[in-house]
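Peer 1: Provided herewith is a single structure, encoded as structure tokens, for subsequent inquiry.
The values are calculated or read from the model by the stated rules, or taken from the named source; none is laboratory data. Just so it is clear, the model here is predicted, and its values are computed rather than measured. Positions of Cβ are generated from backbone atoms using ideal geometry, with glycine treated the same way; all protein chains shown enter the neighbour counts.
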Amino acid sequence: MTIEIPLIEHPSQFPDPNQALTEPNGLLGYGYLLSNELLIKAYYEGIFPWFNPGEPVFWWSPDPRAAFDPKTTTPSKSLRKKLRQTPFVIKVNAQFEQVIDECAKATSKRPETWITPEMRLAYRQLHQHGYAHSFEVYQDQQLVGGLYGVAHGALFFGESMFHIATDASKIALFYLLAFTRHHGFQLVDCQLPNPHLKSLGAKEVSRKDFLSYLYQYRDVEMPASIWQTQDITHNFLF
């Protein structure tokens, strides 16, 4: 059976997320462009791109999706102990390009990556326009973990994370949650539920509830200054 999905080449063509397919879960449409304008509009509507090399750009709004409540999610006791005992340094927006490049690298557990050169370029441009941000973990002045995502109002949409040192991606995540909690963010989206995210405290959120958060908080004005390059290592106690 052939599934007909709309071609999306302009922000005005994004359909209502509630019209997403159930099989595959959340697919809204496809296109051949990945511009700043499309990406900004997509995240504003709770939609994200996800496609493999050689494929068109597929746009998604799954139901349910995974999300963290920054007000209630805290690190485990073992991770808190590691944070106290190991001299990690955590920064915001110091090495965005390096973070996304590390996230794009193939690993033994992930032999193929969906973060294509086209995706890396698109998110670097989003970063330059103040929408995409990175959280980085350093040990002995070396980048050993991090994550990146997109902010809209009081919402943060996580995209991908990596680690070289054990638990470094978890540390980046919990500093992201502490940072967003401190600045009044209401939700940290992480797209598709999986056992690893659930083990860290992510909850499944129905599309209906997610869109309710989205419409309520996406236009909250946040000062651009919170995203200046900064060291946040000692800003939060766990």
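Peer 1: What are the residue pairs meeting all of these: first residue in segment 3-19, first residue in contact (Cβ under 8 Å) with a residue 60 or more places away in the chain, second residue surrounded by fewer than 15 Cβ atoms within 10 Å (Cβ to Cβ), Cβ atoms under 9 Å, and 6 or more apart or on different chains?
Peer 2: Asn18/Lys208
Peer 1: List the number of the failed condition for Lys81; all other conditions in (1) free of Cβ contacts under 8 Å to residues at least 12 places away in the same chain; (2) surrounded by 15 or more Cβ atoms within 10 Å (Cβ to Cβ) hold.
Peer 2: Of the numbered conditions (1) free of Cβ contacts under 8 Å to residues at least 12 places away in the same chain; (2) surrounded by 15 or more Cβ atoms within 10 Å (Cβ to Cβ), the odd one out for Lys81 is (2).
Peer 1: In addition: Return only the number of the condition from (1) more than 29 Å from Ala20 (Cβ to Cβ); (2) surrounded by 13 or more Cβ atoms within 10 Å (Cβ to Cβ) that Trp60 does not satisfy.
Peer 2: It fails just one condition, (1).
Peer 1: Of all the residues that make up segment 18-33, how many are modelled with pLDDT under 95 and either of a type in the set (Val, Ile, Thr) or under 19 Å from the mean Cα position of the chain (by Cα) (or both)?
Peer 2: Adding up the residues that qualify gives 1.
Peer 1: Next question. For the subset of segment 58-90 comprising residues that are part of a loop (DSSP other than H, G, I, E, B) and touching a Phe, Trp or Tyr at 6+ places or on another chain (Cβ under 6 Å), which member is farthest from Gln13 (Cα to Cα)? Give the steps one after another, and end with the answer.
Peer 2: Let us first name the residues in segment 58-90 that are part of a loop (DSSP other than H, G, I, E, B), namely 61-64, 69-76, 86-87.
Narrowing further to those that are touching a Phe, Trp or Tyr at 6+ places or on another chain (Cβ under 6 Å): 70, 75.
On the way: Pro70: 32, Pro75: 40 Å.
That would be Pro75.
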